[in-house]
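Each remark here refers to the structure printed beneath this line.
The values are calculated or read from the model by the stated rules, or taken from the named source; none is laboratory data. Here the structure is a predicted model, which is why all the values come from computation and not from measurement. Ideal geometry is used to build each Cβ from the backbone, glycine not excepted, and the neighbour counts take in all protein chains shown. Side chains are part of the model used for accessible areas, which takes the heavy atoms of the whole protein and leaves out ligands, DNA and RNA. Shrake-Rupley method; radii C 1.70, N 1.55, O 1.52, S 1.80 Å.
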Amino acid sequence: MTHDKIDFDEFLESLKRRTPGEDAFHQAVSEVVPDLLPIVNDTPQYREAAILDRLTEPDRIISFRVDWRDDDNIVHVNRGYRVQFNSAIGPYKGGLRFQPSVNQSMLKFLGFEQIFKNALTGLPLGGGKGGADFDPSGRSEGEIMRFCQSYMQELHRHIGPDVDIPAGDINVGSREIGWLFGTYRRITNQVEGVLTGKGLSMGGAEIRTEATGYGVVQFLCHMLAEQGDRIDGKTLVISGAGNVATHAAELAIRDGAKVITLSDSNGYIHDRNGLTQEKIDWVKDHKSKSGASLEAYADEFDATWCADAAPWGVPCDVALPCATENELGKDGVNALIDNGCTTIVEGANMPTTAEAKKAIRDADLLFGPGKAANAGGVAVSGLEISQNRQRRTQTRQELADALKDIMQTIHDSCAEFGQSKAGINYTKGANIAGFTKVAEAMHAEGVT
Ligand code: NDP
Ligand code: 2IT
């Protein structure tokens with residue numbers, strides 16, 4: 001039993017000793033724990049219950065072999081994972097990512113962030129994340145489907161509508177969720193809402209596809225409104241060309257902003273005329289083809305292609321990093337500031353490096369953290385679970401209204417918990433608002 005106050009450096013050193021080499025996980029913990037320490041150190045029962053040690057150790061990590069045959073009948077072996085991080089407030093919930101760089105550290109960072117994000121939605125959802133080091137790029141539909149089927153052949157043992165409910169993430173969209181869901185149904189003979197992000201024909205929720213990107217822009221609008229400002233007339237630089245980026249661009253344009261970039265792992269396009277709905281639809285269609293590069297946009301429309309680069313040097317008012325973790329470093333932030341950017345809102349999970357965050361704080365930029373700003377996706381996933389359990393469907397309008405309400409509530413909770421004389425610290429607000437809910441539940445259930 002320890003009642004000692006916790007020192008951050010000692011806490012981090014001990015975590016690093018126990019989890020060597022898990023840099024992304026250490027980064028995520030380092031960004032959250034300093035905001036929580038004042039509360040934990042002032043609450044003896046949290047220290048006595050070792051809340052922080054328990055919150056930074058996953059409930060369990062499942063890792064397994066995934067065998068599959070390519071179109072030439074050659075057998076491949078990948079590693080699949082599910083990190084079931086914390087279920088104090090509800091079943092594990094979080095996406096699946098298929099990317100060659102997937103490893104345990106990456107999924108622990110994502111699962112850890114998901115605990116706070118899910119708590120912020122106000123829905124009873126615990127935190128989890130999963131995926132595999134499988135590279136779908138350049139693979140045929142048949143190959144990706146066989147991979148999904150093989151992955152679910154093991155995963156089905158560990159999930160369930162009251163246990164763990166996965167969804168999509170990078171390279172896992174409604175097509176892959178359909179194959180995963182179909183395999184689960186065939187193996188278990190249960191038609192349960194055990195995955196979210198399903199197509200509408202399988203009980204998916206309207207607006208789930210759009211929800212993350214739309215929610216990011218709604219969160220941005222609330223942040224601007226708090227400053228007496230508005231999105232219309234603003235110029236936006238967005239990274240990514242996937243689910244989050246294209247839907248953020250879509251709503252931003254509808255709200256009167258001008259979006260001038262998108263990017264992928266090959267480079268970025270700079271469209272000085274601004275994206276339109278027609279151009280975004282083209283991007284969605286083009287990027288749905290396995291391995292397609294955004295470079296073709298520059299030939300299709302009047303735009304510049306910048307290979308092997310990120311869009312942070314392009315002048316703008318607002319930047320929305322919506323591709324992947326650590327895509328925006330200190331130099332990128334400084335370039336954005338030099339070119340007039342005043343606001344950064346994270347669409348991706350942890351897209352800004354620790355150094356970049358310091359540069360953002362030093363320059364006093366308006367900053368929206370991913371765990372709050374991109375929570376719209378998992379929030380609508382939560383609504384999809386409810387509608388599946390009740391065997392009903394909600395209309396697009398009902399779900400769109402619910403998403404709007406949830407993003408407003410998340411903004412207001414962050415503003416309340418992050419309020420200071422210097423203004424709102426949204427990161428601190430998100431960390432504390434999410435933590436408070438989870439810590440109360442963890443404390444209430446006791447320790448064995
Ligand atoms: P998608 O797979 O739909 O799109 C990912 C995009 O990011 C693609 O344009 C991809 O380019 C680009 N990208 C991926 N890796 C890199 C890299 N290393 N460098 C540069 N670009 C890269 O994923 P999502 O849009 O769903 O996810 C984007 C981010 O948002 C992730 O951080 C995810 O965790 C987060 N997120 C997603 C949610 C969702 O509902 N989908 C919910 C909340 C957060 P390319 O096509 O070349 O690979
Ligand atoms: O990072 C995320 O919040 C997601 N990938 C969505 C998770 C979900 O369960 O909808």
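If you put +1 on each Lys and Arg Cβ and -1 on each Asp and Glu Cβ, how big is the dipole of the chain around its Cα centre, in Debye rounded to 20?
With Lys and Arg at +1 and Asp and Glu at -1, about 1120 debye.
Determine, for each peptide in 240-247, 441-448, the mean count of other beta carbons within 10 angstrom over its residues, then list the peptides with the highest first.
Packing order, densest peptide first, comes out as 240-247, 441-448.
Run the accessible area of the stretch 29-68 with a 1.4 Å probe and give the carbon-and-sulfur part as a rounded percent.
45 percent
Which percent of the accessible heavy-atom area of the stretch 96-183 goes to carbon and sulfur, probe 1.4 angstrom?
After summing per-atom areas, the C and S share lands at 45 percent.
Of all beta bridges DSSP finds with both residues in the chain, what is the antiparallel percent, to the nearest 5?
55 percent
Would you mind checking the pairs Lys198/Lys371; Lys16/Lys289; Lys16/Lys358; Lys198/Lys234; Lys16/Lys93 and listing those with alpha carbons more than 31 angstrom apart?
Exceeds cut-off: Lys16/Lys289; Lys198/Lys234.
Ranked from the most accessible area to the least, with a 1.4 Å probe and all protein chains present, what is the order of Val32, Val163, Val191?
Val191, Val163, Val32
Excluding residues on the same chain fewer than 8 positions from Lys428, give the aspartates and glutamates whose Cα lies under 14 Å from its Cα.
By straight Cα distance, Lys428 reaches Glu31, Asp35, Glu113, Asp412, Glu416.
Extending each Cα 7 Å along its Cβ direction at His3 and Asp281, get the distance between those two points in nm, one decimal.
That separation, rounded to one decimal, is 6.7 nm.
Evaluate the charge dipole of the stretch 131-272 about its Cα centre and quote only its size in Debye, nearest 20, assuming +1 on the Cβ of each Lys and Arg and -1 on the Cβ of each Asp and Glu.
Dipole of the stretch 131-272, to the nearest 20 debye: 260 debye.
How much area per residue is accessible in the stretch 237-394 when the probe is 1.4 Å and only protein heavy atoms are counted (Å²)?
Normalised by residue count, the accessible surface of the stretch 237-394 is 38 Å².
For the stretch 1-85, what is the charge dipole size about the Cα centre, in debye to the nearest 20, if Lys and Arg each add +1 at the Cβ and Asp and Glu each add -1 at the Cβ?
Computed about the Cα centre, the dipole is about 340 debye.
Between His76 and Arg54, what FRET efficiency follows from the Cβ-Cβ distance if R0 is 41 Å, with the result rounded to 0.05?
0.65
What are the ³J(HN,Hα) couplings of the stretch 263-270, residue after residue, when phi is run through the Karplus curve with 6.51, -1.76, 1.60 and θ = phi - 60°? Round to Hz, x for glycine and proline.
Calculated HN-Hα couplings, in order: 8, 9, 6, 9, x, 9, 9, 10 Hz.
If you take the charge dipole of the chain about its Cα centre, with +1 on Lys and Arg Cβ and -1 on Asp and Glu Cβ, which of Gly131, Val283, Leu15 is farthest toward its positive end?
Gly131
Rounded, prolate or oblate: which fits the chain, taking a ≥ b ≥ c as square roots of the Cα gyration tensor eigenvalues, rounded meaning a/c under 1.5, else prolate when a/b beats b/c?
Since a/c stays below 1.5, the shape of the chain is classed as rounded.
Within the accessible area of the stretch 302-421, what % is carbon and sulfur when the probe is 1.4 Å and the other protein chains stay in place?
46 percent
Mind checking which of Asn78, Asn339, Met152 is farthest towards the positive end of the chain's charge dipole, using Cβ charges of +1 (Lys, Arg) and -1 (Asp, Glu) about the Cα centre?
Met152
Which trypsin sites (Lys or Arg not before Pro) does the stretch 369-448 hold that lie in a coil by DSSP with at most 14 other beta carbons within 10 Å?
Sparse-neighbourhood loop trypsin sites (Lys or Arg not before Pro): Arg391, Arg392, Lys421.
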